[in-house]
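Only the coordinates and a few stated rules stand behind these numbers; no lab work does. A quick note: this is a predicted structure, and the numbers were derived from the prediction, not measured. So basically every Cβ, Gly included, is an ideal-geometry build from the backbone, and we count neighbours across all protein chains shown.
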Amino acid sequence: MQVWTVANQKGGVGKTTTSVALGGLAAEAGKRVLLVDFDPHGSLSCYFRQNPDLLTESAFTLFDQSQTLNHNVIEKLIIATPFSGISLLPASTALATLERKAIGGGMGLVLSKTLSMVFDDFDLCIIDCPPQLGVLMVNAIAACNQLVIPVQTEFLAIKGLERILHTLQMMARSRKQVLTYHIVPTMFDRRTQACVSSLRAIRNSFGEQVWAGKIPIDTRFRDASKAGVPPHLYDVNSRGLAAYRSLYHFLHEHKPGIPASAAGGVG
Ligand SMILES: Nc1ncnc2c1ncn2[C@@H]1O[C@H](COP(=O)(O)OP(=O)(O)OP(=O)(O)O)[C@@H](O)[C@H]1O
Ligand SMILES: [Mg+2]
């Protein structure tokens with residue numbers, strides 16, 4: 001199983017949209033996909049018509065029962081969606097309490113341990129992170145073998161990027177594996193000068209770490225989200241979907257090392 005984490009400390013940059021779009025395209029390619037909602041707001045869960053306010057079994061259970069986790073416990077938390085090949089480990093609002101509690105020893109590797117227990121059940125796991133650094137993002141980064149950082153093409157993007165790359169540097173010190181990351185420009189509008197110049201600035205500052213393509217602004221994503229349907233099943237001809245398709249192939253072909261969770265090389 002490959003594990004991709006979608007993260008940025010900045011809100012509203014397209015993390016959840018990227019997670020659903022990539023997950024859908026992987027399912028379309030015949031992969032068994034597990035989407036993990038690690039955001040207490042539960043946007044990804046809401047996308048699939050789950051209510052994070054009502055769920056009693058969720059990603060929170062992983063932390064609540066971290067000492068007694070096993071395949072059976074985890075299997076019960078995972079929900080089949082109406083879409084072929086896509087399963088969901090939903091969020092509940094209880095996840096928010098984790099950030100207030102002390103992380104404590106070992107809490108940074110709960111997701112790594114979880115995924116190692118379902119390693120053979122899925123081909124790809126995509127983790128949608130909340131827009132802040134905390135125990136959830138730390139877990140998601142420790143568990144992945146590729147990190148996708150969506151960045152909105154706007155003026156303040158570079159500041160936000162510097163912040164998350166600083167976080168990554170700190171985490172790299174405690175992680176015994178090199179972390180592969182890709183910056184993905186999102187919501188690009190070629191008619192807007194601010195978008196064009198920020199994309200240029202992002203490429204100039206972060207060079208090869210920036211994916212060569214860009215995700216255009218496309219109202220179909222919001223429509224697909226409202227309809228609760230992954231983008232690849234909503235409008236096969238949308239420009240935005242075509243861009244995510246090319247991103248999916250890039251990430252899929254990139255083939256970084258084995259997941260940190262399986263290697264036991266995090267900590
Ligand atoms: N390429 C795009 N074009 C147009 N709208 C988009 C695009 N990507 C995302 N959106 C819309 O922008 C909004 C924010 O996107 P999304 O929820 O994916 O961001 P996020 O980073 O997950 O936000 P948060 O930090 O709050 O979790 C949503 O309404 C989504 O439908
Ligand atoms: Mg989100």
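Values for this structure:
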read-out: Antiparallel content of DSSP bridges confined to the chain, in %, to 5; value: 10 percent
read-out: Listed residues H166, M107, T219: farthest to the positive end of the dipole of the chain (Cβ charges); value: H166
read-out: Cα gyration tensor shape for region 7-147, rounded if a/c is under 1.5, else prolate or oblate; value: rounded
read-out: Most mobile of E28, E57, E162 in a GNM of the chain (Cα contacts under 10 Å); value: E162
read-out: Student exercise, the chain dipole from Lys, Arg, Asp, Glu Cβ charges, in Debye to nearest 20; value: 720 debye
read-out: DSSP-loop chymotrypsin sites (Phe, Trp or Tyr not before Pro) across region 126-209, with at most 12 other Cβ within 10 angstrom; value: F155
read-out: Under 16 Å from K31, Cα to Cα: aspartates and glutamates that are on another chain or at least 8 residues apart; value: D120, D121, D123, E253
read-out: Top of Q169, Q152, Q132 by mean-square fluctuation, Gaussian network on the chain, Cα under 10 Å; value: Q169
read-out: Amide H contacts under 5 Å for L89, placed H, 5+ residues apart; value: L35, V36, D37, I79
read-out: Residues D39, D64, sorted so that the one with the fewest Cβ neighbours within 10 Å comes first; value: D64, D39
read-out: Square roots of five times the Cα gyration tensor eigenvalues for the chain, Å; value: 27, 22, 17
read-out: Amide H contacts under 5 Å for C125, placed H, 5+ residues apart; value: Q2, V3, W4, L34
read-out: Helix-derived mean residue ellipticity, 222 nm - over the chain, DSSP H n ≥ 4, -39500 (n - 2.57), to 500; value: -13000 deg cm²/dmol
read-out: Interchain or long-range residues, amide H under 5 Å from V151's placed H; value: V184, T186
read-out: Sites excluded, trypsin sites (Lys or Arg not before Pro) in DSSP loops with at most 14 other C-beta within 10 Å, longest stretch of the chain; value: 192-267
read-out: GNM result for the chain, Cα springs below 10 Å: residue of D37, D223, D120 fluctuating most strongly; value: D120
read-out: Per-residue HN-Hα couplings for region 182-190 [Karplus 6.51, -1.76, 1.60; θ = phi - 60°; Hz; x = Gly/Pro]; value: 10, 8, 10, x, 10, 6, 7, 10, 5
read-out: Dipole-positive endmost among V178, A91, V20 within the chain (Cβ charges, Cα centre); value: V178
read-out: Length-normalised contact order for region 2-262 - Cα pairs under 8 Å, 6+ apart - percent; value: 27 percent
read-out: In Hz, Karplus ³J(HN,Hα) per residue of region 82-93 (6.51, -1.76, 1.60; θ = phi - 60°; x = Gly, Pro); value: x, 9, 3, x, 10, 10, 10, 9, x, 9, 9, 5
read-out: Ranked M170, M107, criterion: other C-beta atoms within 10 Å, fewest first; value: M170, M107
read-out: For E253, E99, E75, order by how many other beta-carbon atoms lie within 10 Å, fewest first; value: E253, E75, E99
read-out: In order through region 28-38: 3J(HN,Hα) via Karplus (6.51 cos²θ - 1.76 cosθ + 1.60), integer Hz, x for Gly, Pro; value: 4, 7, x, 7, 8, 10, 10, 9, 10, 8, 9
